[in-house]
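The values are calculated or read from the model by the stated rules, or taken from the named source; none is laboratory data. Remember, predicted model here, so these are calculated numbers, not experimental data. Here the Cβ is made from the backbone with ideal geometry for all residues, glycine too, and neighbour counts use every protein chain on show.
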Amino acid sequence: MRPNRTSRDFDSLLGFRYPRAHYGKNVYVDFYVFDPATETMRRVKKFFDNISSKREQKRQIAEYIEVMSTRLRQGYNPFVSTDNNRGYTLFVDVLSKYEESLSKGMRAKTVHSYTSRLNILREYIESRQLPIKFAYQFDSTFCIDFLDWVLYDRDLSARTRNNYRQWLGSVAEWMKARKYITENPTDCIKKMPEEEKKRQPLTPDQMKRVVSYLEEHDRHFLLAVLMEYFTFIRPTELSYLKIRDISVKKMNVFVPAQFSKNHKNGTVSLNEKLVTLMIDLGVLTRPGDWFLFGRHFYPSAEHFGADQFNKSWAKLRKKLGFGPELQFYSLKDTGIRDLSNEVGVVVARDQARHSDISTTNKYLQGRDKNGPEEAKHFTGNF
């Protein structure tokens, strides 16, 4: 019988290299084991420097090598967090089985809602630099990262984020009941207060510091930062932009429906500063089917996950001493605020691809808004 995908992938977990002793400045034993999360052989080291007696040191090393060799032959893997073989089931297969179960005794509206969230989860997994592969990797860290992505990258409300958290908990309980995982990873994730969003726009001084620092240290990331500020294109959408989507002649960028939040084709304007930087960096000379932001934000034939935007921003934020309320997506808030105040909220609405001005206004906090110009010249009826 031909083995299924799950059994083939489980067999790959048994790969290892036997332990070896090393004597030098440090005395240690190392061995390599296949890590299913990274799909690479990873090194494990145990030091024996603290044993003063050379004889006792060699005895313990020999014993450790013998015991560990036996455990490795029996399938021991320090990078796998569960002893349950069902935890090695491909996560894509788990999600397919979960989707099949949705139609059992549920209202059509609920099935539609859960299916939509499931598709968003799949989109997130595809956007990661290192997508999870096995069921056991569905842990609290993964769930927290997904909820942050929903909140910040997709720019959804705290209430929607909390709804996703509740739904993730139901998925986890379904997986737990079927022995794919042993604990519900959402139990430790708290509900977020459904008030004003934590994310804040950058002040003009903060924006100048960001541009000045990146102009000197990382101009390719600067291009990504300015793309977010001027075009309001979401990080996931940015990760899928290709060179051919950019038109210098028309001064615009095309956002394909396949990767947009509202699943509609969209076109936004390019700023002159963006075009100048693109020409200076030479990115427009690359093949049209290359992605604009590959690894390290260089054009590339290979797609690179959207989470590099947030990770690079977090490093920059630390260097500049900014608080956690300043997210990569804060650049969009900042751009909408500045564009609205300079040329009007209607222009900002169209650039942000919002269906109505009320959505655009959500990005403008009280202190950022200009009062209606007409009201400044209103004389009153008295």
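The table below lists the values:
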quantity	calculated
From the options 234, 244, 219, residue that is crowded, with 19+ Cβ neighbours inside 10 Å and out of contact with any His (no Cβ under 6 Å at 6 or more places or on another chain)	234
Count of the range 134-181 residues which are free of Cβ contacts under 8 Å to residues at least 12 places away in the same chain and touching a strand residue (DSSP E or B) at 6+ places or on another chain (Cβ under 8 Å)	0
Unique residue being within 22 Å of residue 336 (Cα to Cα) and outside the structural domain of residue 263 (by TED's automatic domain parsing) when the list is 151, 238	151
Residue check for residue 134: more than 19 Å from residue 192 (Cα to Cα) and not small (Gly, Ala, Ser)	yes
Residues of the range 40-74 that turn out to be touching a Leu at 6+ places or on another chain (Cβ under 9 Å) and assigned to a loop (DSSP other than H, G, I, E, B), as a count	0
Qualifying residue in the range 270-278 (condition: more than 23 Å from residue 123 (Cβ to Cβ), touching a strand residue (DSSP E or B) at 6+ places or on another chain (Cβ under 9 Å) and of a type in the set (Ser, Thr, Tyr))	no
Pair list, Cβ < 6 Å and 6+ apart or interchain, from the range 254-265 residues that are at pLDDT below 80 to residues that are among the hydrophobic types (A, V, I, L, M, F, W, C)	263/257; 264/257
Residue match in the range 301-310 (condition: among the charged types (D, E, K, R), surrounded by fewer than 19 Cβ atoms within 10 Å (Cβ to Cβ) and touching a helix residue (DSSP H, G or I) at 6+ places or on another chain (Cβ under 9 Å))	yes
Residue check, residue 254 outside the structural domain of residue 154 (by TED's automatic domain parsing) and on the phi < 0 side of the Ramachandran plot	yes
Scan of the range 315-334 for residues that are charged (D, E, K, R) and at pLDDT 90 or above, ordered by number	315, 317, 318, 319
Whichever residue in the range 14-37 is of a type in the set (Phe, Trp, Tyr) and more than 13 Å from residue 49 (Cβ to Cβ) and, among such residues, is farthest from the chain's Cα centre (by Cα)	18
Scan of the range 194-237 for residues that are of a type in the set (Ser, Thr, Tyr) and either in contact with a strand residue (DSSP E or B) (Cβ under 9 Å, 6 or more places away or on another chain) or not in a loop (DSSP other than H, G, I, E, B) (or both), ordered by number	212, 213, 229, 231, 236
Complete set of residues in the range 321-336 that are within 17 Å of the chain's Cα centre (by Cα) and among the aromatic types (Phe, Trp, Tyr)	328, 329
Residue 101 at pLDDT 85 or above, of a type in the set (Gly, Ala, Ser) and closer than 15 Å to residue 178 by Cα	yes
Helices (runs of 4 or more DSSP H) completely within the range 108-187 that count 2 or more residues being at pLDDT below 85 and more than 12 Å from the chain's Cα centre (by Cα)	108-127
Residue that is modelled with the lowest pLDDT [pool: residues in the range 1-34 that are touching a Pro at 6+ places or on another chain (Cβ under 9 Å) and farther than 11 Å from residue 88 by Cα]	33
Within the range 277-352, helices (runs of 4 or more DSSP H) holding 3 or more residues that are among the basic types (Lys, Arg)	307-320
